[in-house]
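S.K.: Submitted below is the structure of interest, expressed as structure tokens.
Just so it is clear, none of the values below were taken in a lab; they were calculated from the coordinates. Predicted, not measured: the structure shown is a model, and the values here were computed from it. No Cβ is skipped: glycine too gets one built from the backbone with ideal geometry, and neighbour counts run over all protein chains shown.
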Amino acid sequence: MALEFIALLLVCQLVGEAFVLWTGLPVPGPVIGMALLFVGLVLRGGVPEGLNRVVDGLLAHLSLLFVPAGVGVMLHIAMLREEWVAVTVALVLSTLLTLVVTGLVMTGLIRWLDSRRQTGG
């Protein structure tokens with residue numbers, strides 16, 4: 001059963017990659033795949049229990065996904081020494097932007113849920 005849901009995740013990623021190659025969009029394929037998975041789950045009306053278990057297992061080992069990034073940083077440490085100001089500015093600004101957008105989205109969702117509760121919908 002878990003293998004089916006792992007395959008589903010990989011197929012969504014593959015479709016996202018194919019879509020990006022086909023359209024030339026400047027978006028990572030896995031992001032498109034994740035959006036497709038999200039749409040599928042919304043249309044289905046929820047997350048199947050098996051998928052929930054698979055995702056919980058992946059999230060429990062999420063730290064392993066940072067190993068390739070760490071290796072990449074170590075391989076390009078000389079470049080980072082030269083461009084540390086630009087990298088620092090980009091990290092700080094992108095973090096602030098992410099916090100602001102997340103806050104705005106959460107505020108909008110809370111208001112939307114409150115309005116749905118008040119109207120009984």
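S.K.: Of the residues Leu96, Leu104, Leu51, Leu25, which single one is under 30 Å from Phe5 (Cα atoms), under 20 Å from the mean Cα position of the chain (by Cα), assigned to a helix (DSSP H, G or I) and of a type outside the set (Phe, Trp, Tyr)?
M.R.: Only one candidate qualifies: Leu51.
S.K.: The conditions are (1) under 19 Å from Leu10 (Cα atoms); (2) in contact with a helix residue (DSSP H, G or I) (Cβ under 7 Å, 6 or more places away or on another chain); (3) without any contact (Cβ under 8 Å) to a residue 40 or more places away in the chain, and Val54 fails exactly one of them. Which is it?
M.R.: (3)
S.K.: Here's something else I'd like to know. Find the residue count for segment 11-25, including only residues that are under 11 Å from Ala35 (Cβ atoms) and among the aromatic types (Phe, Trp, Tyr).
M.R.: Residues in segment 11-25 being under 11 Å from Ala35 (Cβ atoms) and among the aromatic types (Phe, Trp, Tyr): 1 in total.
Yes/no per residue for (1) closer than 25 Å to Phe19 by Cβ; (2) loosely packed, with under 10 Cβ neighbours inside 10 Å:
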| site | (1), (2) |
| --- | --- |
| Met34 | yes, no |
| Leu41 | yes, no |
| Pro48 | yes, no |
| Leu58 | yes, no |
| Ser63 | no, yes |
| Ala69 | yes, yes |
| Met74 | no, yes |
